[in-house]
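FYI, it's all coordinate maths here, none of it is from the lab. Given the structure is predicted, the values throughout are model-derived calculations rather than measurements. We place every Cβ from the backbone using ideal geometry, glycine too, and count neighbours over all the protein chains shown.
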Amino acid sequence: MTHIAVLGAGVVGVTTAWYLRQAGYDVTVIERESAAGMQTSFANGGQISVSHATPWANPATPMKALKWLFKEDAPLLFRLRADKDQLKWAMQFLQECRADRADANLVQMVRLGLYSRDALQQLRADIGINYEQQTRGIMHFYTSQAEFDAAIEPTERMQALGCERHVIDINNAVNLEPALYPIAHKLTGATYTSRDESGNAHLFTQRLAQRCIDAGVQFLYDTEILALNTDAHSARPHVHSITIRPKGENVQTFTADSHVIALGSYSVPLLKPLDIRVPIFPAKGYSATYTVNPRAPHLAPFVSLIDDEFKLVTSRLGDKLRVAGTAEFNGYNLDLNATRCEAITRRVQQLFPKGIIANSVQYWTGLRPMTPSNVPLIGRAHCGQVKHGSHNASATFDNLWLNTGHGTLGWTHACGSAKAISLLIQGETPNVDFDFVGTNS
C-alpha cells in the first residue's frame with residue numbers, strides 16, 4: 001500500500017488525511033503540536049463562506065491600506081519591516097489588485113468554494129460528524145453606504161458563477177436575524193447567501209482526526225519537522241526522507257512514498273531550501289470569543305454575519321459568539337495587540353451590546369497563510385517560483401504535493417482542497433475548474 005505523509009494537522013491537513021485514507025492510502029500525519037487543530041484552525045471565524053470570495057487584493061485596497069498604514073486598529077495593517085520577503089509579497093499583492101486579476105481570483109475562489117462546500121456537506125451526511133454547525137446561511141451587512149454600493153458588483157458576479165448570494169432589503173435582513181433589529185436604523189443594506197454555513201473548525205478538526213485514527217491513520221504529534229531530504233541522483237526532483245524530531249527524543253529520519261505539505265504559513269521555510277518558492281506570507285488574524293448572555297440569548301446572532309466595513313465575521317458556536325477578522329502583516333509574530341483586540345470588542349458592543357457578556361472575552365491570534373491573490377496553492381510542487389497554473393515538467397517533484405496558502409478561507413476550502421489533492425495524487429482530474437499548480441490540468 002502506498003504510504004503518504006501529510007505534514008500538518010490543521011483543518012487542511014486532517015481533511016487531506018481523511019480523503020487519502022478513504023482512497024485506500026496508508027497515511028501518517030506529522031504535527032508539531034500535541035493535538036490537531038491547535039494553530040490557525042483553533043479559533044478562527046467559523047464560516048463556510050463561498051460568498052466571502054472578494055479578494056483582499058482588489059482595486060480599492062491600495063488606497064485603503066495607505067489610509068490605514070499608521071492606524072493601530074486598522075482592519076488591514078502592513079507593518080513596515082526590513083524584510084525582503086514581505087516587500088516581494090507586497091509587490092505581488094499590488095499586481096493582483098488590478099481589476100482583471102481581482103476578477104480572475106474571485107472566479108477561482110468561488111469555484112473552489114462551491115466545490116468545497118458540497119464536499120463538506122457530503123462528508124457530514126456520510127459520517128454524521130457534528131461540530132456546532134449552523135446551516136442558516138451567511139449575511140453580509142453594511143453600515144456604510146459606500147461599502148454597500150461596492151458590494152453590488154461582486155454579488156452579481158458571484159451569482160453568475162453559481163453562488164446564491166443576493167441583495168436583500170433591511171426589513172428582510174432583520175427578519176432573517178432579529179439580533180440586528182436594535183441597529184436597523186444604521187443599516188444601509190445587506191446580502192444573503194442561504195447555503196453558506198458556519199461551525200467550529202477546531203471541533204471539526206479534532207473530531208475528524210479521531211475518525212481518521214479509527215480508520216487507520218497514524219498521527220505523530222509533538223513532532224517537529226526539520227527538513228525535506230532530496231535525492232540528487234533521481235531523474236526528477238524526489239523527496240527520499242523527512243528529518244523529524246519528536247519531543248524529548250533525538251533527531252530521526254522518517255520515510256514515505258509521497259508527501260503533502262499542509263503547513264500553512266510554515267510551508268515557506270520548509271520548502272525554501274529545496275528552491276520551492278511559494279508566494280505565502282503570514283497575516284496575523286484575531287478573534288474574540290464571548291459567552292452569550294443567558295438572559296437574552298436572542299440578542300446575539302444565530303445567522304453567521306460578515307461586517308465588511310470592519311472586516312469582521314461573526315458565528316454562533318453553542319453558547320459562545322465568535323468574532324474574528326482583520327489582518328496584520330508583521331512576519332511570524334504572534335503577540336496579541338491590545339489595541340486591535342479592544343477594537344473588536346468595541347465594534348461588538350456597538351452591534352450586540354446586550355447579547356454578550358463582554359468581560360467573558362477570550363482573545364486569540366493565528367497566522368493565516370496568505371498568497372498575494374488569496375487563492376490557495378494546490379497541486380504538485382516544483383522548483384522555482386510557484387504560481388497558479390504553473391507547470392515545469394523537468395523541475396516538478398514526483399512525490400511532493402502542496403495543499404497550502406488558504407489565507408482567510410482555510411475552513412471554507414478545506415474539504416474541497418483535500419478532495420482535489422487526493423484525486424490528483426490518484427491521477428484523476430477533480431470536477432472543478434481550478435488552476436492547480438504543477439499539473440497540466
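Some observations on this one:
- Distance from the alpha carbon centroid of segment 63-122 to that of segment 371-441 works out to 18 angstrom.
- Considering all C-alpha pairs of segment 51-120, those separated by over 20 Å amount to 42%.
- The chain: antiparallel DSSP beta bridges as a percent of all, rounded to 5: 70 percent
- Pairwise centroid distance, computed over Cα atoms, of segment 1-61 with segment 292-345, Å: 22 Å
- In plain terms, the residue of T2, T365, T314 with the fewest other Cβ atoms within 10 Å comes first and the most crowded comes last, giving T2, T365, T314.
- Options S422, T40, V14, ranked by Cα towards positive dipole end of the chain, top entry (Cβ charges): T40
- Ranking of H259, H388, H406 by count of other Cβ atoms within 10 Å, fewest first: H388, H259, H406
- Loop-resident GluC sites (Glu not before Pro) (DSSP state other than H, G, I, E or B) in segment 213-313 with no more than 11 further Cβ atoms inside 10 Å of their Cβ: E249.
- In the chain, taking the dipole from charged Cβ atoms about the Cα centre, the farthest positive-side position among F281, P75, A57 is held by P75.
- Note on the chain: GNM, Cα springs under 10 Å; of G407, G427, G318, the largest mean-square fluctuation is that of G427.
- When you filter the GluC sites (Glu not before Pro) in segment 94-188 for DSSP loop state and at most 16 other Cβ atoms inside 10 Å of their Cβ, you are left with E164.
- Here the extension length gained between K247 and Q22 equals 78.0 nm, from 0.36 nm per residue of separation less the Cα-Cα distance.
- Binning all Cα-Cα separations of segment 8-59 at 5 Å, short to long from zero, yields these whole-percent fractions: 4, 17, 19, 17, 17, 13, 9, 3, 1, 0.
- Nearest-20 debye value, segment 197-316 charge dipole, Cβ charges on Lys, Arg, Asp, Glu: 200 debye
- Panel order for C383, C415, by other beta carbons found within 10 Å of each beta carbon, from fewest to most: C383, C415.
- The chain, dipole about Cα centre (Lys/Arg Cβ +1, Asp/Glu Cβ -1), debye to the nearest 20: 660 debye
- Cβ-placed point charges (K, R +1; D, E -1), dipole of segment 315-441 about Cα centre in debye, nearest 20: 540 debye
- 222 nm mean residue ellipticity, helices alone, for the chain (DSSP H n ≥ 4; -39,500 (n - 2.57); rounded to 500): -9500 deg cm²/dmol
- Mean separation of Cα contacts under 8 Å, 6 or more apart, over the residue count of segment 234-343: relative contact order %: 21 percent
- Ordering A160, G189, S373 by the projection of their Cα atoms onto the charge dipole of the chain, which places +1 on the Cβ of Lys and Arg and -1 on the Cβ of Asp and Glu, puts G189 at the extreme positive end.
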